[in-house]
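Reviewing the structure listed below.
The values are calculated or read from the model by the stated rules, or taken from the named source; none is laboratory data. Note that this is a predicted model, so its numbers are computed, not measured. Heads up, the Cβs are rebuilt from the backbone with ideal geometry, glycines too, and the neighbour counts pull from every protein chain shown. Side chains included, ligands, DNA and RNA excluded: accessible areas come from the protein's heavy atoms. Shrake-Rupley method; radii C 1.70, N 1.55, O 1.52, S 1.80 Å.
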Protein chains: 2
Amino acid sequence: MPETLDDIVTRTSELLAERDVAALSTLMAGLSTTNAVRMLERVDSAQRAVLFRLLPKDDAVVVFERFDATIRSELFESLRSDDVIALFENLDPDDRVELLDELPSNIAHRMMLGLSPAQRALTAPMLGYDRGSVGRRMSPEYVRLRSDTTAAEALDAVRRTGPDAESVYLLPITDDRRTLLGVVTLADLATAESTTPVGELHSSHPVVRADSSAEVAARLCFEHRSPAVVVVDSEQRLIGILTLEQSSRILEEAEDEDAARAGGAEPLRRPYLSTPVLSIVRSRVVWLLVLALSAILTVQVLEIFEHALAAVVTLALFIPLLTGTGGNTGSQAATTVTRALALGDVRPRDIAAVLFREVRVGATMGAMLGTLGFVIAGLVYDWHLGLVIGTTLLSICTLAATVGGAMPLIAKKIGVDPAVFSTPFISTFCDATGLIVYFLIAKAVLGV
Amino acid sequence: MPETLDDIVTRTSELLAERDVAALSTLMAGLSTTNAVRMLERVDSAQRAVLFRLLPKDDAVVVFERFDATIRSELFESLRSDDVIALFENLDPDDRVELLDELPSNIAHRMMLGLSPAQRALTAPMLGYDRGSVGRRMSPEYVRLRSDTTAAEALDAVRRTGPDAESVYLLPITDDRRTLLGVVTLADLATAESTTPVGELHSSHPVVRADSSAEVAARLCFEHRSPAVVVVDSEQRLIGILTLEQSSRILEEAEDEDAARAGGAEPLRRPYLSTPVLSIVRSRVVWLLVLALSAILTVQVLEIFEHALAAVVTLALFIPLLTGTGGNTGSQAATTVTRALALGDVRPRDIAAVLFREVRVGATMGAMLGTLGFVIAGLVYDWHLGLVIGTTLLSICTLAATVGGAMPLIAKKIGVDPAVFSTPFISTFCDATGLIVYFLIAKAVLGV
């Protein structure tokens, strides 16, 4: 397609202005799914509601399933009730459950009642699992095989029932009581002799319990390079699969959240340019307020040392440099450990190893920066002040790296999102403790 | 497998201490690929070299391909030369090129000379593309179809040549001159009537030029929910595919980099707990030094206002609170925009829209925090100081949000990684400008 997304958006706006519904319908019908999604994310919500209704029915479902959570629920509430019912019926069960979680509970309840018995039977059990668990994000539609089925028969089964399943790239093998015996990939089937029973082809693939964390299951899927993860109940009975596609969606949400929280904000859950200003404010202001209120601690610390400050005003000049360096060192450690936790490279019980590592890293960097600070401050001001700055840098770096490394592990241990503790809180904490260290050293060396 | 990773690591250490090579070989042969990778990442590099050599030959290649970049090159250099040659010959071309990029150039050159002609012919063209381009990360091994081939014949072709190809989930269709005509997925083939020509099955899938960015191609793969992206040369001739698996590896590296840089450090490119302390120091100290040196700016700013500080020491008490709030507001904006850039939701040319959004967000939050600051400082100290603090908070938040939103876009425009500008630099910049604003307002209101 030679047209760029910008051309499409421009053309759509022109046609909307001219109210040329026929031309708009043709344009919408000609778009690839991805372009339709991106274009609709770019326009405002009123235009989105109009344009979405012009999509061919089959495309509409696929496009809808690709939107971010907030856009889905917003759009859903703006549609006419008969469109809503048809759309809801045609969604994949996993997308349906996600949508239900976003909708106001009275609407969600009404939608479930309007569902066909078959779709309700697929959806209702998923709602029994906790939010954040894989049971709520899996797909209950898959192609199930028996172990004595041959490769050729299995390919036939895929041909017959495939289009209804969420993925045919991973096919679970069970006995008659749905107990999981193994899995076979479509690639295994396609490259096997046609008479080989699938039981002989089965390869090792990740299996998770339905109540496990969806994020952990999604990482497992990628880590094992598997097209899907099989989901079982407490009795090892097959109840669904979590596809690579859904896994990538889950991980992207998790990374959105981590990235936003590392920057001291909540994730937007929709594209930036189509988020209203007040929603952006809402995603940030609580954090900013909490951080500002905890920064009042630094005012109180400085008040304690006001006499020293009044005696040697020069001490004030270094406050932002010292607190900044402490904050930076703390963030570095916290970011590294948070990422290692997310990837499973580090677990809360490794705290001793992490602390031992970070103390040494912090002390090494502190020694380097401290020496530099000693020389520069010594040359420009005097050597006593140089000693204060140098020693403070050494202490602050060691302290900040250790605290920064420990915080995410402690957060994880007590069940708080480690990303919350990575950058902003560490900075505030390091500011306050760093100031105490600074003035204690200054008092000792300068005798103020 | 009932054993946990910890059990495996403990058992391995015991056997290593007893030098029981036979038992170690049995243990290594019984591990799944994923467990072998995780265990070997956990032990130190000397143990890793010993244990890796005990892996069955076929497993060794698969395990090797899963390691992080730094571990690969370290391990590679520690192996005996005949093991090295066999391993290098058996790597997939994309993994081989990645390894070559990590190795010292004399070793890399020697390895290329030792390669068989067939493998060299696959590898050499990839080395002609820039680092960071998809041409260097794609796989040149795939199953290519002609458009008049039937679905059944295509499945036969997959059965015959599949095991050699990197992925059989996406099959490119070309004419005799290798010009790309379309693609067909294995799922499409498996669910089609066996006599249907593949030319009629072909669906729309992403195509990229070999010199495009690997990260952009990888995102495209996920965005289109495609099992692979097709890579062509400037004349639309097929030269490779970038699989979903490789895409996820590329995106994980990019996210490692973004996460590390947002925290003011370079990515480690290996698991945290197996990284030597000095490597961690190296990944952080340059950044910390640059940030500390640029923070000397804040010392100089404060020197200019030293008289005001000496006259009203109370002004010093609020320095960390004000610079901290400015830094936090700036980071929030920078993090959001950096993430939006990475996801393609925002482009550098959207700068006007971003600035207009961030000015309003910053001013709104500044007004809220400023009112609070005015009241608290007014009640505790006096209303003149309250006015200074309130007005400064309003100004700093507006300024910081605007600058924080603009910086990543400017960075991208001039070809620098936007993540570099997200947290740490914004903080330092906001510290310095925030202090200037603070003391200018203080001078005006308090007349010092």
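Of all residues in chain B, the one whose Cβ lies closest to the rotation axis carrying B onto A, together with that distance in whole Å, is B:Ala316, 2. Using every pair of distinct Cα positions in segment B:241-336, the Kirkwood expression returns a hydrodynamic radius of 16.9 angstrom.
Stokes-Einstein at 37 °C, 0.692 mPa s, Kirkwood radius from Cα pairs: D for segment B:186-239 in µm² s⁻¹? Display every interim value, and only then the final one.
Working: Rh = 12.6 Å.
In µm²/s, the coefficient rounds to 261.
Using every pair of separate Cα atoms, the Kirkwood estimate puts the hydrodynamic radius of segment B:5-129 at 15.2 angstrom. What does the accessible area of B:Ile239 come to, in Å² to the nearest 10, when a probe of 1.4 Å is used? Counting only protein heavy atoms, B:Ile239 exposes about 40 Å² to solvent.
Among the residues of A:282-294, the average count of other protein chain beta-carbon atoms within 10 Å of the residue beta-carbon is 5. Taking the helices alone, chain A has a mean residue ellipticity at 222 nm of -21000 deg cm²/dmol, built from -39,500 (n - 2.57) per DSSP H run of at least 4 residues and averaged over all its residues. When segment A:50-104 is described by a simple charge dipole with +1 on each Lys and Arg Cβ and -1 on each Asp and Glu Cβ, the residue from A:Ile85, A:Ser73, A:Pro56 located farthest towards its positive end is A:Pro56.
Segment B:206-258 and segment A:1-65 have Cα centres lying 26 Å from one another. Label-point distances for A:Ser147 to the equivalent site in the other copies, using a point 7 angstrom along Cα→C-beta, read 4.6 nm when ranked shortest first. Couplings 3J(HN,Hα) for segment A:78-84, derived from phi with the Karplus relation 6.51 cos²θ - 1.76 cosθ + 1.60 (θ = phi - 60°), are 8, 7, 6, 5, 6, 5, 4 Hz, where x marks Gly and Pro. Computed about its Cα centre, the charge dipole of segment A:151-263 is approximately 200 debye, with only Lys, Arg, Asp and Glu carrying charge at their Cβ. The HN-Hα couplings worked out from phi for segment B:56-63 by the Karplus form 6.51 cos²θ - 1.76 cosθ + 1.60 (θ = phi - 60°) are x, 3, 5, 5, 4, 4, 5, 5 Hz, whole numbers, x standing for Gly and Pro.
Sorting A:His202, B:His205 by solvent-accessible area of protein heavy atoms yields A:His202, B:His205, largest first, with a 1.4 Å probe.
Quantify, in whole percent, the carbon and sulfur part of the accessible surface of segment A:1-86 (1.4 Å probe; protein heavy atoms only). Reported share for carbon and sulfur atoms: 52 percent. Placing +1 on the Cβ of every Lys and Arg and -1 on the Cβ of every Asp and Glu, with no other charges, gives the protein assembly as shown a dipole of roughly 1820 debye about its Cα centre.
With a 1.4 Å probe and all protein chains left in place, how much of the accessible area of segment A:151-263 comes from carbon and sulfur atoms, in whole percent?
Numbers: 2030 of 4380 Å².
On segment A:151-263, the fraction of accessible area on carbon and sulfur atoms equals 46 percent.
Considering only B:Ile410, B:Ile396, B:Ile426, give the residue with the highest GNM mean-square fluctuation for chain B, with springs between Cα atoms whenever their separation is below 10 Å. Taking springs between Cα atoms under 10 Å, the residue moving most is B:Ile410.
Can you give the accessible area buried between chains B and A, summed over both chains, with a 1.4 Å probe, in Å² to the nearest 100? Write out the running numbers ahead of the final one.
Numbers: alone 22610 and 22640 Å², together 35960 Å².
When B and A are taken together, about 9300 Å² of accessible area is lost.
Taken over the Cα atoms of chain B, the convex hull encloses 208 Å³ per residue. Legend: translational diffusion of segment B:151-263 by Stokes-Einstein, Rh = Kirkwood radius over C-alpha pairs, 10 °C, 1.306 mPa s; D = 106 µm²/s.
Of the peptides B:240-248, A:138-146, how do they stack up when ordered by the mean number of other Cβ atoms within 10 Å, highest first?
B:240-248, A:138-146
Ranking A:Thr195, A:Thr185, A:Thr150 from most to least accessible surface, computed with a 1.4 Å probe over the protein chains only, gives A:Thr195, A:Thr150, A:Thr185. To the nearest 10, the accessible area of A:Ser274 is 20 Å² with a 1.4 Å probe. Placing a label point 7 Å from Cα along the Cα-to-Cβ direction at B:Val375 gives distances to the equivalent points in the other copies of 5.2 nm, listed shortest first.
Comparing B:Val207, B:Val299, B:Val232 in a Gaussian network model of chain B (Cα springs below 10 Å), the most mobile by mean-square fluctuation is B:Val299.
Rolling a 1.4 Å probe across the protein heavy atoms gives the protein assembly as shown an accessible surface of 40 Å² per residue. For the protein assembly as shown, the average shadow cast by the Cα convex hull is 40.3 nm², which is a quarter of the hull's surface.
Most fluctuating residue of B:Ala190, B:Ala333, B:Ala260 in a GNM of chain B with Cα springs under 10 Å: which is it? Judging by the Gaussian network model, the answer is B:Ala190.
Accessible area of B:Asp417, 1.4 Å probe, to the nearest 10 Å²? Accessible surface of B:Asp417 is approximately 40 Å². Copy-to-copy label distances for A:Leu273, where each label lies 7 Å from Cα along Cα-to-Cβ, are 4.5 nm in order of increasing length. If you sort B:His109, B:His307 by accessible surface, 1.4 Å probe, largest first, the order is B:His307, B:His109.
In this structure the amide hydrogen of A:Glu166, modeled in the peptide plane, comes within under 5 Å of the amide hydrogens of A:Glu141, A:Tyr142, none closer than 5 places in sequence on its chain.
The percentage of C-alpha pairs in segment B:270-409 whose separation is greater than 18 Å is 67%. For the protein assembly as shown, with the dipole built from +1 on Lys and Arg beta-carbon atoms and -1 on Asp and Glu ones, taken about the Cα centre, which of A:Leu201, A:Ala406, A:Pro320 lies farthest toward the positive end? About the Cα centre, the residue reaching furthest to the positive side is A:Pro320. Using θ = phi - 60° in the Karplus curve 6.51 cos²θ - 1.76 cosθ + 1.60, the 3J(HN,Hα) couplings for segment B:104-116 round to x, 5, 5, 5, 4, 4, 4, 4, 4, 5, x, 6, 5 Hz; x is entered for Gly and Pro.
Determine the dipole magnitude for segment B:298-437: charges of +1 sit on the beta-carbon of Lys and Arg, -1 on that of Asp and Glu, nothing else is charged, the reference point is the Cα centre, and the result goes in debye to the nearest 20. Numbers along the way, then the final one.
On the way: 7 positive and 8 negative charges, 119 e Å.
I would put it at about 580 debye.
Centre-to-centre, using Cα atoms only, segment A:282-341 and segment A:342-397 are separated by 16 Å.
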